[in-house]
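Peer 1: Take this structure, written in structure tokens, and hold onto it; I'll ask about it next.
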Amino acid sequence: MILYHCPSSIHSRFVLLVARNLDIDIDLRSVVLSSDEQFSKEFTAINPRQQVPVLADYDYRLTESRAIACYLANMKPGNKFYPTEPLERAWVDMFLYMDATYVVPTWYNNAIAPILSGETSKISLETRNKVSVMLSLLEEYLKNSPLKYRENKTESPYFAGESVTLADMSILGTIGLFYHLGEKIEEKYPFLHAWFKRMQNIEGWNEHDVGAQMYARKFKKYWSPSADEN
């Protein structure tokens, strides 16, 4: 299998993290987004959407990071990262969909995309508030998990239960980014902070975090308090 990826891409890092934890051997092919390699004729033939990651397995080309992650997990029956029990799997899927449709779009669509397009050079207070609401929601899921895995407690050490799942690996990209942007996670969101510390013990953490730092360096100057739009 070949994974076309970019180390700083949050979606690429998620897929690679899943592969590392499932101990799946993947041939990595780097796509340099900063040089617009994704728009080249050669890469467009691989993925007409001109995005990473792409997983090439035999004659198939899989796009969409969460679909790739689930495919990899399904290749390893019985793994703990993507449970087969219907409710437990649905809970993991819920967070995967939430990450795709709410968590990442909250900061990317409102902050990163306008900067990349040249529409703005500042992060508005409105956008910061949206990010705070999003982080508070994730904090609440860890603090008051409806799953109630622990006796006499409602909090859960991970988003979908007692152990790391694809849900945690997916959300990790966003939380790691905001740590490196200087957001005060430890002070504002203690359950997220404790979860983030636990996630540093998983396979592939260092590789994932290096990519998060690369991404954060590109945008930290926009996220700093001095860049506020009043």
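Taken together, the values in this text are just the output of simple stated rules run on the coordinates, not laboratory data. Small disclaimer: the values here were computed from a predicted structure and weren't measured. Counting neighbours? That spans all protein chains shown, and the Cβs are built from the backbone with ideal geometry, glycine included.
Peer 1: Do you know the Lys pair count in the chain for C-alpha distances under 16 Å, with sequence separation 8 or more or different chains?
Peer 2: Taking the Cα cut-off of 16 Å, the pair count is 13.
Peer 1: Taking 7 Å along the Cα-to-C-beta vector as the label spot, tell me the ILE2-GLU186 distance in nanometres, rounded to one decimal.
Peer 2: 4.4
Peer 1: While we're looking at this one, here's another question. Any idea how far apart ASP57 and LYS80 come out in nm if each label point goes 7 Å out from Cα toward Cβ?
Peer 2: 2.3
Peer 1: So what's the gap between the Cα centers of the stretch 1-59 and the stretch 166-215, to the nearest angstrom?
Peer 2: Using only Cα atoms, the two centres lie 21 Å from each other.
Peer 1: How much FRET efficiency would the formula 1/(1 + (r/R0)^6) give for GLU119 and GLN50, where r is the Cβ-Cβ distance and R0 is 30 Å, rounded to 0.05?
Peer 2: Working: r = 20 Å, r/R0 = 0.68.
Plugging the Cβ-Cβ distance into 1/(1 + (r/R0)^6) gives 0.90.
Peer 1: Could you compute the net charge surrounding THR101? Neighbours are other residues with a C-beta less than 15 Å from the C-beta of THR101; K and R count +1, D and E count -1. Before the final figure, lay out each step's value.
Peer 2: On the way: positive: ARG66, LYS130; negative: GLU64, ASP93, ASP99.
It works out to a net charge of -1.
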